[in-house]
Ligand SMILES: [Zn+2]
């Protein structure tokens, strides 16, 4: 039943989702995780950091339960945004592999 996308999704561990007492909230949390599943690692922590900074934002602890990101990671994302991401090169968001990407021969389906 689960698609590949769903398998990659982090399942929210907050009380509301675990007890299933608010479908609307649960949908919202799932949407956050769906979005996160398509982001790179730095983008993930920046997005969650932004959520935490909203006026009626959730606490880091709650966001950590929702997204599976460390509270420490969320704080780091917030610090990086505070600093205008100035110490982070624009071009180097992909981790792992290192070096340049090879020219792709495959075409996307
Ligand atoms: Zn939740």
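By how many nm would the segment from residue 54 to residue 37 grow when fully extended, if each residue of separation counts as 0.36 nm and the alpha-carbon distance is taken off?
4.0 nm
With a/c under 1.5 counting as rounded, go ahead and sort the stretch 42-84 into rounded, prolate or oblate using the C-alpha gyration tensor (a ≥ b ≥ c being the square roots of the eigenvalues; past the cut-off, prolate if a/b is larger than b/c, else oblate).
Here the stretch 42-84 falls in the oblate category.
Between residue 87 and residue 18, 0.36 nm times their residue separation minus their Cα-Cα distance comes to what?
21.0 nm
Give the residues of the stretch 33-55 whose amide nitrogen is closer than 18 Å to a point set 7 Å from the Cα of residue 75 in the direction of its Cβ.
45-54
Only the coordinates and a few stated rules stand behind these numbers; no lab work does. Values in this document were obtained by computation on a predicted structure and should not be read as measured data. Reconstructed Cβ throughout: ideal geometry from the backbone, glycine too, with neighbour counts over all protein chains shown.
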